Structure formats: structure tokens, C-alpha cells
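Peer 1: Structure below; questions to follow.
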Amino acid sequence: MVWNGERFMGYTLNFAAVWRSFDLLLEGLALSLALAFAAIAIGAVIGLFTAFCLISKNGFIQRPAGTYVTIIRNTPILVLVLFTYFALPQIGFRLGKIESFVFTLALYSGAYLAEVFRAGLLSIPGGLREAGLAIGLTEMQIRTSIIAPLMLRNVLPSLSSTIISLFKDTSLAAAIAVPELTFEARKINVETFRVIETWIVASCLYVFTCSILAALMRAVERRLSLPR
Amino acid sequence: MSNNLLEIRDLHKSYGDVEVLKGVDCTMSQGDVISIIGSSGSGKTTMLRCINMLEEFQGGSISIDGQEIGYETVGGERRRKKEKEIARQRALTGMAFQQFNLFPHMTAARNVMLGLMKVKRLSKEEARALAEKWLDRVGLRGRADHFPGQLSGGQQQRVAIARAIAMNPRLMLFDEVTSALDPELVNEVLQVIKALAQDGMSMLLVTHEMRFAYEVSNRVIFMNEGRIGEEGNPREMFHKPKSERLAEFLKTSSFG
């Protein structure tokens, strides 16, 4: 490392201590990714269902979905995380740290993805649904075979930034001591006092992972793009 | 039970306070090719869309092969049939739309296969064979694996017709299928429809192509302000219109 031993605005950089704990950071990163993956997978199902509810003309379907999205989107995720982990057990809803965080992030992603999906659904011409009806498909078959696949293609660019944003939100799990990347970094920081080095390395891991996620999403986008 | 293919009785349809169909009666036999003409807003497209329940209607009845479409009367109360039953009834008719409405994420063959597999429950191989057969019939051999975005408007519309006809409907509904096409592409689509008519396919066509309506149909219906203004064989209708309104309409249309 070029910076090792160099003085940097009065601070002597020394990465050795951080490198010794690097595998801890990697384990933390793996858990971060696992948390994000689980939460987004559940959130995508919630979001898709909610999106169809949001565009429903039936108020009994649309309103509860709208309320869910409004409440979640207007509450800081840290508050939601703390609420689920500390407040819900008081009324008998007790979950482990990891389960509790995945539950919260899934609900949170559900609301954000619902908005992404809703926009995608609105951009699909109504004539396609009618064409599906005209050949005798049911509404459900139309949703699964026509509307959802097209919507997904429409929203890929904004889906990509939402997914990256949700991945970064896993850092909030540190607040309830889930040993993900940020939590591990803080532990190393406290144990080694190498403040700058620790957070530089942790940040680089986040940046690196997000770039990979973005590249993956672009590859999916290219793969699914329709020839014309 | 009558042996009419299609029977429409006193059909009423409104959007809110605006009544667009004010009591339409029409019967049609197997093999009939009927063109529906009239100025825009006269209710011709709405009538077509009621037949496959893309539009709900408030009064009257529509039957295909004697089965009542869309609604049933239970204990004196008129009720919309169950969604599944309506979906099944919709498959009795095929429809081609002004805007083609092909599924853009599926190849031409896939567009045709979807209904065959999901509604008719054919295997993938059977569906593919039928799709190829019908694409061939509409002159699109070799285009089966093209996506809609790679096809011209006329080709897309022919895929859409193949998609509808492959389902083996009792009756084909054509809703201004050439209106969105560039003039030089109109003919290829009309030729396909004409060939289907000659094969004995029963069809109802809403069209602005007066020359085509004259040539292909055995009956013409002139819609006027939500009612059937006049109907008869094309020769009489176009050459000796009885009503002032039809004469007026023909004068402003492309027939001449």
C-alpha cells in the first residue's frame, strides 16, 4: 500500500491493522449482500403485488396499498429498524436480529419497489391487455405473461438504482448489532483506532460492490432489450 | 334456440350519461361477411367491442351459437358472468385491432402460440406448428422468429390476424385494422382478410375502406347515431342508398 507510513495532514496512515482483519470485513460484506438479497427478493414480491393494487380502480384494494406505501416511504428506515427490533417484541412479535432486519428491509423495499413497478405498469398500453382478453386469457394470465415481463423491462434502469440504494441501506443493520460490513468496520475501528484506514477500506468495499451490482443490472438490461 | 351464429337484440350501451348504442338488432349466419360503416362516433367500434365483452353493456343481449355472452339472468336479475366464463366466451371470437397490439416482448410465433398454450392448452410443439401454419397463411413464412419491433406495420397486423385466427374462433372481429397503416401497406392486410373470407370465415368488419367493404362483404350495416341506419347488400347500399344520411356519408367517404 503506497500510503503506508506516509503522513497525511498530520496523520500517519497504517493499513496493516485493517488488513489483518480484512477477512472480517469480507464476512461482513457477504452478510450485507445476503441481507439485501433476501430483503429485496421478498420486497419484490410485495412490491409487485402492491403495484397492481395501486393501479386498481377499486378503492378497497387501492387505498390500503397506498397507505402502506405512504407510511413506509415517510418513515426513516433507521426508525423502522429500531421499531421492529425493540418495539414489536413488546407486543409479542419477537424476531432474531437478522430476521428482524430482513423483515424491515423487505417491507421497506416493498414500498419503494411498488412505486417503481407502478410507474412501469402505467407505461404499458392498455391495448395489450385487451389483446390478451380477446384471445381468451384471464386477467391473471395477462399479468404474468404480458404485463409483468414488459413492466420489468421498462423499469430496469430505475430498478437498478433502487436495488443499489437498498443494498447500501443494509449498513443500518449495524444499529441493532447485525455483524454486516458497517458493524464489522466499526468493531475494527474501535479495536485498532485506525479510524481513517478502516472507513476508507469499508467505503471502497461498498463502492466496489455497488459498481458490480450496477454492471450486472446493465448486463440484464442488455440481455432483455428487444431487437428492433 | 336459433341457428344464427350471432344474434344481437336491442343492445344498449352508455358511458355515464352518454348513450352510444341505442337499441341495435343484428343477426348473422355462419359464413357471413358483414361490414359496418358509419361516421366516427356512430357506435360501430363500440358494438364490435360489446360482442367480445371488451365493453360492458347495460341492456339487450348478444348470443353466439345460442349462448348468451357476458351476462346471465338469475332470479330476474341481470348479472355479469364469472370472469372465467367470460374469458372462455371471448375465445369464441377473434379480434384484430387498429393498433395491432402485438405483445412486443414475444416473437411473431410466440404471439400466436400464447393463446394456444394458455387457453387451448396445446403443447409447445403443437402450438408452434399451428403458429407456423398460420403465419405462413398470412404470408409471413420466415418471419416467425422476428419481434414485432422488427416488422412493418402491415406485417405486424398480419401477425395479429394470425394470432386471432389460430385460436379457431367462430367469428372474427376486425376493428379498423387498416386505419393505422401507411397507405402502401393497406393492401397486403386487406388481401389476407379477403382470403379468409373466401375460406368461409364469418366476420364482422368495422372499416373505412369503402371499396373493400363493397368487394368483400355480403352485407353492409350503416351505423348512425347509435342505431342501425340502414342495412342491405353492398350493391344496393352503395349505389342506391335509401336514407339521406347514408347518401351523405358515402359522398364524403372514399367510395366513389
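Peer 1: In Å and on Cα atoms, what radius of gyration and Dmax does chain A show?
Peer 2: Rg and Dmax of chain A, Cα atoms, are 21.6, 75 Å.
Peer 1: Please list 3J(HN,Hα) in residue order for segment B:33-43, calculated via the Karplus relation 6.51 cos²θ - 1.76 cosθ + 1.60 where θ = phi - 60°; whole Hz, with x for glycine and proline.
Peer 2: 10, 10, 9, 10, 10, x, 6, 5, x, 7, x
Peer 1: Need one value for A:35-46: mean number of C-beta atoms belonging to other chains within 10 Å of its residues' C-beta atoms.
Peer 2: Neighbouring Cβ atoms belonging to other protein chains average 0 per residue here.
Peer 1: Name the most mobile residue of A:Asn189, A:Asn154, A:Asn58, meaning the one with the largest mean-square fluctuation, in a Gaussian network model of chain A with Cα contacts below 10 Å.
Peer 2: A:Asn58
Peer 1: Please compute the average number of Cβ atoms from other chains found within 10 Å of each residue's Cβ in peptide B:95-106.
Peer 2: Mean number of neighbouring Cβ atoms from other chains: 5.
Peer 1: Looking only at other chains, what is the average number of their beta-carbon atoms within 10 angstrom of each beta-carbon in B:82-90?
Peer 2: Counting other chains' Cβ atoms within 10 Å and averaging over B:82-90 gives 3.
Peer 1: Compute the convex hull volume of the Cα atoms of segment B:6-252, divide it by the residue count, and report the result per residue in Å³ as a whole number.
Peer 2: That works out to 132 Å³ per residue.
Peer 1: With springs connecting C-alpha atoms under 10 Å apart, model chain B as a Gaussian network and identify which of B:Thr46, B:Thr93, B:Thr27 has the largest mean-square fluctuation.
Peer 2: Its mean-square fluctuation being the largest, the pick is B:Thr27.
Peer 1: In degrees between 0 and 90, to the nearest 10, how far off the longest principal axis of chain A does helix A:59-73 point, with axes built from Cα atoms?
Peer 2: 10
Peer 1: Ok, one more. Mind listing the phi-derived Karplus ³J(HN,Hα) values for segment B:230-239, rounded to whole Hz, using 6.51, -1.76 and 1.60 with θ = phi - 60°, and x for any glycine or proline?
Peer 2: Working through the residues one at a time gives 6, 8, x, 7, x, 4, 5, 4, 7, 9 Hz.
Peer 1: Can you give me the long-range amide H partners of B:Tyr71? Hydrogens built in the peptide plane at 1.01 Å from N, cutoff under 5 Å, separation of 5 or more residues or another chain.
Peer 2: Sorted by chain and number, the residues that satisfy this are B:Lys81.
Peer 1: Taking only Cα atoms and a 10 Å spring cutoff, compute GNM fluctuations for chain A and point out the largest among A:Leu95, A:Leu25, A:Leu121.
Peer 2: Maximum among the listed residues: A:Leu95.
Peer 1: In percent, how large is the relative contact order of segment B:1-65, given Cα pairs closer than 8 Å and 6 or more residues apart?
Peer 2: Worked out over segment B:1-65, it gives 47 percent.
Peer 1: Moving to a separate point now. Which Rg and Dmax, in Å, describe the Cα atoms of the protein assembly as shown?
Peer 2: Gyration radius and largest Cα-Cα distance of the protein assembly as shown: 30.7, 103 Å.
Peer 1: For each pair in B:Lys81/B:Lys133; B:Lys13/B:Lys242; A:Lys57/A:Lys97; B:Lys194/B:Lys251; B:Lys44/B:Lys240; A:Lys57/B:Lys124, compute the distance between the two Cα atoms and list the pairs where it is over 31 Å.
Peer 2: Cα-Cα > 31 Å for B:Lys81/B:Lys133; A:Lys57/A:Lys97; A:Lys57/B:Lys124; rest within.
Peer 1: As a test of the formula, what do you get for the protein assembly as shown when each DSSP H run with n ≥ 4 contributes -39,500 (n - 2.57) and the sum is divided by the residue count, at 222 nm and rounded to the nearest 500 deg cm²/dmol?
Peer 2: -16500 deg cm²/dmol
Peer 1: List the residues, sorted by chain then number, that are 5 or more residues from B:Ile221 or on another chain and whose placed amide H is less than 5 Å from its amide H.
Peer 2: Amide H neighbours of B:Ile221, under 5 Å, 5+ apart: B:Ser35, B:Ile36, B:Ile37.
Peer 1: With N residues in segment A:56-120, what two-decimal value do you get for its Cα radius of gyration over 2.2 N^0.38 Å?
Peer 2: 1.25
Peer 1: Search the structure for amide H atoms under 5 Å from the amide H of B:Met172, placed 1.01 Å from N in the peptide plane, and list their residues when 5 or more places away or on another chain.
Peer 2: Under 5 Å from the amide H of B:Met172: B:Gly94, B:Ser202, B:Met203, B:Leu204.
Peer 1: All other residues with a Cβ under 12 Å from the Cβ of B:Pro104 taken together, and with Lys, Arg as +1 and Asp, Glu as -1, what is their net charge?
Peer 2: With Lys, Arg at +1 and Asp, Glu at -1, the neighbours total +3.
Peer 1: Sticking with this one: Using θ = phi - 60° and the Karplus relation 6.51 cos²θ - 1.76 cosθ + 1.60, list the HN-Hα couplings for segment A:184-200 in order, rounded to whole Hz, with x at every Gly or Pro.
Peer 2: 5, 4, 5, 5, 5, 4, 5, 6, 9, 6, 7, 4, 5, 4, 4, 6, 5
Peer 1: Shifting gears a bit: Angle between the Cα long axis of helix A:22-54 and the longest principal axis of chain A, 0 to 90 degrees, nearest 10?
Peer 2: Between the helix axis and the principal axis of chain A, the angle is about 20 degrees.
Peer 1: Would you work out the relative contact order for segment B:6-252, in percent, from Cα pairs under 8 angstrom that are 6 or more residues apart? Let's see the in-between values first.
Peer 2: Numbers: 447 pairs, mean separation 65.4, N = 247.
Relative contact order here is 26 percent.
Laboratory data are not the source of any read-out in this text; all were calculated from the coordinates shown. Predicted model only: the values in this text are computed from it and were never measured. No Cβ is skipped: glycine too gets one built from the backbone with ideal geometry, and neighbour counts run over all protein chains shown.
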